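Below is one structure; the comments refer to it alone.
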Amino acid sequence: MFVPCLALLMLLAGCTGGGERHLPVVRVGTGTPMQTFDPHMADAGPVFSNYLTLVYDGLTRTYSDDFNTPRSNLATQWEWTTPTTIVMNLRQDVRFIDGTPFDAHAARANLDRMLSSHGPRYNTVSSVSHTDVLGPYRIRINLKFPDPTILQNLAGSPGMMVSPAAFDNE
């Protein structure tokens, strides 16, 4: 609902009568102020997910009408090779806004960063032990124990991908 309303506001802001042209102003209100746009450090529950999903893509995605079914996003396919191992194929046509290519090394760097930062949503992916790069666009996520919710959780802020070149930006 938030995104269609924002799009309508932006469209209407451009519709003016004659006279002076003013740049459109879009104001968005929320009951809780955004603390950070870093998805690995954001407590991105439903309120903040609306903001972060406009900027970042996750490895998977879910839809509000069927949260239990993970869908492809930056990970185009995956296979559970054991109860604690997921092999993912990644999209090959993606670049971050700074021009850095999204590949298996960027995905592993993001998962490693998310795990080492112990951000507010760490508990949703604490089953992840480590990630291996199997090829330019292929990773293996190794779990400490079986986790039937990991693919859904990688659709949220813990699985959102940031350009590794931007990790140290404040």
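The phi torsions of the range 64-71, fed into the Karplus equation with coefficients 6.51, -1.76 and 1.60 and a -60° offset, translate into couplings of 4, 7, 7, 5, 7, 10, x, 10 Hz, rounded to whole numbers, with Gly and Pro shown as x. Looking at the square roots a ≥ b ≥ c of the eigenvalues of the Cα gyration tensor of the range 24-170, which shape do they give, rounded for a/c under 1.5, prolate if a/b is larger than b/c, or oblate? Prolate, because a/c is 1.5 or more and a/b exceeds b/c. Using Cβ point charges alone (K and R +1, D and E -1), the dipole size of the range 22-170 about the Cα centre works out to roughly 120 debye. Close amide H pairs (under 5 Å, H built 1.01 Å from N) link VAL94 with PHE102, residues at least 5 positions away or on another chain.
Between THR81 and THR149, the distance separating the two model label sites (each 7 Å from Cα on the Cα→Cβ line) works out to 2.7 nm. Rounded to whole numbers, the Karplus 3J(HN,Hα) couplings from phi for the range 101-108 are x, 8, 8, 4, 5, 5, 5, 5 Hz, using 6.51 cos²θ - 1.76 cosθ + 1.60 with θ = phi - 60°, and x at Gly and Pro. Accessible surface calculations at 1.4 Å, restricted to protein heavy atoms, place the range 29-110 at 57 Å² per residue. Tally Lys/Arg at +1 and Asp/Glu at -1 over every other residue whose Cβ is under 14 Å from the Cβ of PRO164; what's the total? That sum, taken over residues with Cβ under 14 Å, equals -2.
The values are calculated or read from the model by the stated rules, or taken from the named source; none is laboratory data. Treat the numbers as computed from the prediction; the structure is a model and nothing was measured. No Cβ is skipped: glycine too gets one built from the backbone with ideal geometry, and neighbour counts run over all protein chains shown. Calculation scope for accessible area: heavy atoms of the full protein, side chains included, ligands and nucleic acids excluded. Shrake-Rupley method; radii C 1.70, N 1.55, O 1.52, S 1.80 Å.
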